[in-house]
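Comments concern the structure below.
The values are calculated or read from the model by the stated rules, or taken from the named source; none is laboratory data. Here the structure is a predicted model, which is why all the values come from computation and not from measurement. Positions of Cβ are generated from backbone atoms using ideal geometry, with glycine treated the same way; all protein chains shown enter the neighbour counts.
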Amino acid sequence: MATYIAKRLGLALLSVWGVITIVFFMTKLIPGDAARVAAGRTATAEQVEQARQRLGLDLPVIEQYFLFLGKAVRGDLGESASTHQSVVSDLANTVPTTLQLVVVTMLLTVVIAVPLGALSAALRDRAPDVSARILFVLAGGVPVFWLAILLQWVFASNLGWFPISGANSFGMSPPSVTGFTLVDSLIAGSPAMFGDSLAHVILPALALSAPFMSTIARNVRSNMIGALDTDYVSFAISKGAGPYRVVVHHGLRSTMGSTLTLLGMQFGWMMGAALLVESVFALPGIGTYLNQAVLNQDTFAVLGCVLVIGIVFTVASLVVEVVQIWTDPRVRQSHLTGAQA
Amino acid sequence: MTLTSTPPEAEAPEIGADTPRTPARRAYEWLTPAGLGGGISRGLRGLFGRHTGALDRSAVVVSILLVAIAIIGPFVAPYDPYLAVPADALLPPGSQHWMGTDDAGRDVLSRLLVGAGTTLLAAVAVVLISTIVGVLVACVAVLSPRGVDATIMRICDIFMALPAMVLALGIAAALGPSLGSVVLAMVIAMWPGTTRLVRGILRVTMNAAYVESARVNGIGRFPTLVRHVLPNSLDSVYVQASMEISGAVVLMAGLAYLGVGAPPPSADWGAMVAQGREYITTAWWVATFPGLAITVAAIAFGLLGDVIRVRLDPSLRRKR
């Protein structure tokens, strides 16, 4: 088991290194002069030359690559050309916002999609099931950025139930300790700040969760229908188990494995989709940062974002695999004996 | 209709050695159940038969309509989609402009019709190219010695270590804003998934009894793959490809929304949403209609994928 995890960890590291390498050489393909971007629009030729030397852009590309890798291993990702801060500190400021959004999205997804899927299966082919399935299909097709705009328009602009954008209202930002506004406001001991932080995260999380809810609910529904057809469920019913016990205890439990696997995979995908939602709600997360960096040709910032997202993505899939091995004897058998294809 | 996996030759249409193989004849052979395209004709045959539900049927109809709009859209658009008429800026939907006008006074409906071509055809092209590339690489992996096979799979892992959205954004930005670079970026982001799936299927099919008998009869690995393994694995490929179209439409719209798609004046659904976003409180129609179009397309193609999957997926076939 330990050797297996170590091997997977090695492969994961290899993947992250590969991604960084590809993106590094890709950013060198971008037409345009990174030194000019860094020096600013009004810079003289001399200042541009200075910036070029300071950022090491006058060196051969291969040398730049190894210089970057060497620094990255020591935790230095260079300096952002547009914010003029170190990329590491920029990331430290933006990553918590995105992670918080993703975690809240995940909670919302589980709390709404799992009961809905279970209910849909229990009331199979009756009116609630049909309407729930139409809802799943709609949620699965709607583009998150458009849904985000509509939610913002209806619930923030028109009804005023939620704040329009940003991470906190003016003067309501909790003092930064962890970077997660929900946690920081609790540390500060201020229920008002907590409420403010929560109100700012609900709409983005709702928009982001739509496609993921659809997948989870459909998965729960189809697994549940399979489970409710089994002999052990018939047996439980004949023993006099009530509908609640049958659905929750016997049906839902057997669907949990695949739901957890799906959720773990979605964690990484949500990081990608968060890009779109953050830009609508002006949340200062890694998605907004990456989008700005890409549009500004800010090489080091792009690389930093790719590194972080790559690590989160690979760690998430690694955790999913380990949990599967842990909980499912069939997966354990096929993985640890090396019988996989 | 026989659906069991018989070797391709068994069902080949009777054709004498001297029958001329015209292009039409070749196309017919390709689409027969035994041909490489047999899965497509099997999946589409009887879509309107008794076994197809109302929802499935409407999904098929909407999909066909969307493709038709993508092709004829530019010819039926009532206005010039690029002509700015400042005097007509932000007109609400009415008898003159059914979906209103945008901030430059351009007709939203016309832009939607023209944008269908860009968005939908490009998404289909992405899926087509990434599927072909994915299948080819999978074939190479299966035929190659272990080391090469493992290396190819590691490369796939590397490409799959980032969400498709992030990878495509980076590549598209590196290549410069154009429709071509978005298509290329999405192909690069999507082929590894196909390769991984197809390689798994090919390896399983390689162990089937009829493949073994072909090999016992002295047929080499490459001819075996092309004539026996591939035709019997393609159904799953068609299923995968049809499921991917919906995701490709949404991903492409997302990239266009972020501003890395076709450059500004062109009518692209995702870019139209981005453009209408600023005016959502005063002129809701500018962003709402293109978003609705993306949603309808994603849902219709998604359901179409489901329909094809139910028809072709070997594990689901028996249940019907």
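Here are some residues: A:VAL331, A:VAL320. Which one is over 15 Å from B:LEU167 (Cα atoms), free of Cβ contacts under 8 Å to residues at least 12 places away in the same chain and surrounded by 15 or more Cβ atoms within 10 Å (Cβ to Cβ)? Show your work before the answer.
On the way: A:VAL320 fails: free of Cβ contacts under 8 Å to residues at least 12 places away in the same chain.
Matching residue, one of A:VAL331, A:VAL320: A:VAL331.
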Being of a type in the set (Ser, Thr, Tyr) and either within 14 Å of another protein chain (Cβ to nearest Cβ) or in contact with a helix residue (DSSP H, G or I) (Cβ under 8 Å, 6 or more places away or on another chain) (or both) narrows A:SER86, A:SER82 down to just A:SER82
With (1) within 14 Å of chain A (Cβ to nearest Cβ); (2) without any contact (Cβ under 8 Å) to a residue 24 or more places away in the chain; (3) of a type in the set (Ser, Thr, Tyr) as the list, and B:SER213 as the residue in question, which single condition is left unmet?
(1)
Over the stretch A:5-55, the set of residues of a type in the set (Ser, Thr, Tyr) and modelled with pLDDT under 80 is A:THR27, A:THR42, A:THR44
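If I ask for residues that are more than 20 Å from B:GLY302 (Cα to Cα), within 12 Å of another protein chain (Cβ to nearest Cβ) and of a type in the set (A, V, I, L, M, F, W, C), which ones from the stretch B:240-263 would you list? Explain how you work it out, then say what you get.
Taking the stretch B:240-263 as the starting set, the residues that turn out to be more than 20 Å from B:GLY302 (Cα to Cα) are B:256-263.
Within this subset, residues satisfying the condition of being within 12 Å of another protein chain (Cβ to nearest Cβ) are B:256-260.
Hits for the stretch B:240-263 are B:ALA256, B:LEU258, B:VAL260.
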One residue is enough: does the stretch A:120-132 have a residue meeting the conditions at pLDDT 85 or above and either in contact with a Pro (Cβ under 8 Å, 6 or more places away or on another chain) or not in a helix (DSSP H, G or I) (or both)?
yes
Number of the exception - B:GLY247 against (1) in contact with a helix residue (DSSP H, G or I) (Cβ under 9 Å, 6 or more places away or on another chain); (2) at pLDDT below 85
(2)
Inside the stretch B:136-174, can you point out the residues that are facing another protein chain (nearest Cβ under 7 Å), among the aliphatic types (A, V, I, L, M) and outside any helix (DSSP H, G or I)?
B:ALA161, B:LEU162
Would you kindly identify the helices (runs of 4 or more DSSP H) lying entirely within the stretch A:200-301 that contain at least 2 residues that are within 14 Å of another protein chain (Cβ to nearest Cβ)?
A:253-281, A:286-295
Filter the stretch A:86-108 down to the residues that are more than 13 Å from the chain's Cα centre (by Cα) and either over 26 Å from A:ALA293 (Cβ atoms) or without any contact (Cβ under 8 Å) to a residue 60 or more places away in the chain (or both) and list them by number.
A:SER86, A:SER89, A:LEU108
Among the residues of the stretch B:273-281, are any touching a Phe, Trp or Tyr at 6+ places or on another chain (Cβ under 6 Å) and closer than 19 Å to B:MET186 by Cβ?
yes
Does any residue of the stretch B:116-134 turn out to be away from chain A (no Cβ under 14 Å) and touching a Gly at 6+ places or on another chain (Cβ under 6 Å)?
yes
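So for the stretch A:132-145 (the condition being basic (Lys, Arg) and in contact with a helix residue (DSSP H, G or I) (Cβ under 8 Å, 6 or more places away or on another chain)), does at least one residue qualify? First the steps, then the outcome.
The initial filter retains those residues of the stretch A:132-145 that are basic (Lys, Arg), namely A:133.
Still in the list and also in contact with a helix residue (DSSP H, G or I) (Cβ under 8 Å, 6 or more places away or on another chain): A:133.
Yes, some residue in the stretch A:132-145 is basic (Lys, Arg) and in contact with a helix residue (DSSP H, G or I) (Cβ under 8 Å, 6 or more places away or on another chain).
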Complete set of residues in the stretch A:78-98 that are buried (at least 19 other Cβ atoms within 10 Å of the Cβ) and part of a helix (DSSP H, G or I)
A:VAL87, A:ASP90, A:LEU91, A:THR94, A:VAL95, A:PRO96, A:THR97, A:THR98
Criterion violated by B:VAL140 - all others in (1) within 25 Å of the chain's Cα centre (by Cα); (2) closer than 23 Å to A:GLY141 by Cβ satisfied:
(2)
Any pair with Cβ under 9 angstrom, 6 or more apart, that starts in the stretch B:264-281 at a residue that is at the interface with chain A (Cβ under 8 Å from one of its Cβ atoms) and ends at one that is in a loop (DSSP other than H, G, I, E, B) and surrounded by 24 or more Cβ atoms within 10 Å (Cβ to Cβ):
B:GLY270/A:PRO143; B:GLY270/B:GLY261; B:VAL273/A:PRO143
Tell me, which residue of the stretch B:188-238 that is crowded, with 21+ Cβ neighbours inside 10 Å and aromatic (Phe, Trp, Tyr) is farthest from the chain's Cα centre (by Cα)?
B:TRP191
